[in-house]
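The structure's right below; bear with me while I get my questions together.
The values are calculated or read from the model by the stated rules, or taken from the named source; none is laboratory data. None of the values given here were measured: they were computed from a predicted structure. Note that each Cβ is placed from the backbone with ideal geometry, even for glycine, and that neighbours are counted across all protein chains shown.
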Ligand code: DGL
């Protein structure tokens with residue numbers, strides 16, 4: 001089983017990428033829809049909610065947990081990996097996303113994300129550990145998650161919100177990174193507004209990296225249930 005965690009439906013976009021590349025495995029998805037959105041909460045609360053979610057999954061028998069949420073990854077992954085669950089496997093989405101920026105040889109990239117991910121400089125700091133010459137512009141789009149959660153993926157309001165935030169990036173950025181796992185739902189509108197940009201989806205990058213991780217770790221691969229099944233768990237009944 002590969003276990004996924006997100007504040008609600010955003011992580012389903014990551015799960016979708018995993019199932020495309022690795023369809024043979026069994027997956028369990030947990031969405032904390034009772035407490036979404038995380039993106040506008042303070043740092044300590046995001047860390048606490050993420051810790052509780054991951055603990056819940058380990059109590060259910062999880063062996064590998066994917067934090068399919070940039071906000072949760074940005075605020076909690078180091079603490080969870082190094083302090084709270086040092087002997088467990090927890091992976092996030094921000095490192096594969098940042099690595100894609102570096103591997104793409106870009107000189108200026110825009111990151112659209114939640115307020116808290118921007119405040120945390122999740123992508124800027126990570127990229128600059130390797131290459132401080134790459135310019136990273138991080139912009140928050142706080143209206144998007146509530147709109148997407150209410151089922152609005154396209155149309156006038158989404159276009160207006162995206163126009164407003166995309167206009168804040170320098171015109172010469174070469175790529176835009178979808179720094180929230182909810183944003184692939186509005187990807188087509190982003191492509192319409194800025195057709196000149198490469199789009200980086202950390203969910204897709206994470207799935208690719210995970211596939212290669214499993215190839216290098218056959219012992220771990222052997223323990224993951226196969227059958228292509230998916231089970232969803234929600235913290236609030238839907
Ligand atoms: N899907 C989460 C992310 O990737 C954010 C959603 C929320 O604000 O709860 O950042």
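Quick check: anything in the stretch 39-55 more than 21 Å from residue 120 (Cα to Cα) and in contact with a strand residue (DSSP E or B) (Cβ under 8 Å, 6 or more places away or on another chain)? I'd like the intermediate steps shown before the answer.
Narrowing the stretch 39-55 to residues more than 21 Å from residue 120 (Cα to Cα): 55.
Then drop every residue that is not in contact with a strand residue (DSSP E or B) (Cβ under 8 Å, 6 or more places away or on another chain), which leaves none.
No, every residue in the stretch 39-55 fails to be more than 21 Å from residue 120 (Cα to Cα) and in contact with a strand residue (DSSP E or B) (Cβ under 8 Å, 6 or more places away or on another chain).
Oh, and also: Examine the stretch 166-176 for a residue that is under 20 Å from the mean Cα position of the chain (by Cα) and within 16 Å of the ligand (Cβ to nearest atom), and state whether such a residue exists.
yes
Follow-up. In the stretch 133-165, how many residues are surrounded by fewer than 16 Cβ atoms within 10 Å (Cβ to Cβ), within 24 Å of residue 32 (Cβ to Cβ) and without any contact (Cβ under 8 Å) to a residue 12 or more places away in the chain?
Of the residues in the stretch 133-165, 2 are surrounded by fewer than 16 Cβ atoms within 10 Å (Cβ to Cβ), within 24 Å of residue 32 (Cβ to Cβ) and without any contact (Cβ under 8 Å) to a residue 12 or more places away in the chain.
Could you check the stretch 63-86 and list, in sequence order, the residues that are assigned to a loop (DSSP other than H, G, I, E, B), more than 12 Å from the ligand (Cβ to nearest atom) and at pLDDT 95 or above?
The answer is 85, 86.
Within the stretch 10-17, is there a residue that is touching a residue at least 24 places away in the same chain (Cβ under 8 Å), more than 10 Å from the ligand (Cβ to nearest atom) and touching a helix residue (DSSP H, G or I) at 6+ places or on another chain (Cβ under 6 Å)?
yes
Being in contact (Cβ under 8 Å) with a residue 60 or more places away in the chain, surrounded by fewer than 18 Cβ atoms within 10 Å (Cβ to Cβ) and within 12 Å of the ligand (Cβ to nearest atom) is the requirement here; does residue 40 meet it?
Criteria met by residue 40.
Please verify whether residue 138 is in contact with a strand residue (DSSP E or B) (Cβ under 7 Å, 6 or more places away or on another chain) and within 24 Å of residue 48 (Cβ to Cβ), treating the condition exactly as stated.
Considered against the rule, which asks whether it is in contact with a strand residue (DSSP E or B) (Cβ under 7 Å, 6 or more places away or on another chain) and within 24 Å of residue 48 (Cβ to Cβ), residue 138 comes out as yes.
Any idea how many residues of the stretch 43-62 are within 13 Å of the ligand (Cβ to nearest atom) and loosely packed, with under 15 Cβ neighbours inside 10 Å?
The number of residues fulfilling the criteria is 1.
Here's a check for you: in the stretch 124-137, which residue that is touching a helix residue (DSSP H, G or I) at 6+ places or on another chain (Cβ under 8 Å) and within 22 Å of residue 78 (Cα to Cα) is farthest from the ligand (Cβ to nearest atom)?
Once the filter is applied, the top-ranked residue is 131.
Quick grid of which residues meet (1) under 22 Å from the mean Cα position of the chain (by Cα); (2) surrounded by 14 or more Cβ atoms within 10 Å (Cβ to Cβ); (3) within 21 Å of residue 153 (Cα to Cα):
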| residue | (1), (2), (3) |
| --- | --- |
| 180 | yes, yes, yes |
| 209 | yes, yes, no |
| 218 | no, no, no |
| 225 | no, yes, no |
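Name every residue in the stretch 96-123 that is within 16 Å of the ligand (Cβ to nearest atom), crowded, with 18+ Cβ neighbours inside 10 Å and in a helix (DSSP H, G or I), in order of residue number.
96, 97, 98, 100, 116, 117, 118, 122, 123
I need a count of the residues in the stretch 163-176 that are touching a helix residue (DSSP H, G or I) at 6+ places or on another chain (Cβ under 7 Å) and within 11 Å of residue 139 (Cβ to Cβ).
Final tally of qualifying residues: 2.
Would you check which residues across the stretch 1-37 are within 16 Å of residue 93 (Cα to Cα) and in a loop (DSSP other than H, G, I, E, B) and list them?
Those that are within 16 Å of residue 93 (Cα to Cα) and in a loop (DSSP other than H, G, I, E, B): 7, 8, 9, 10.
Sticking with this one: May I ask you to list pairs of residues, at least six apart or on different chains, whose Cβ atoms are under 7 Å apart, with the first in the stretch 54-74 being farther than 17 Å from residue 206 by Cβ and touching a residue at least 12 places away in the same chain (Cβ under 8 Å) and the second being more than 9 Å from the ligand (Cβ to nearest atom) and assigned to a helix (DSSP H, G or I)?
Taking only residues 6 or more apart or on different chains, the pairs are 63/223.
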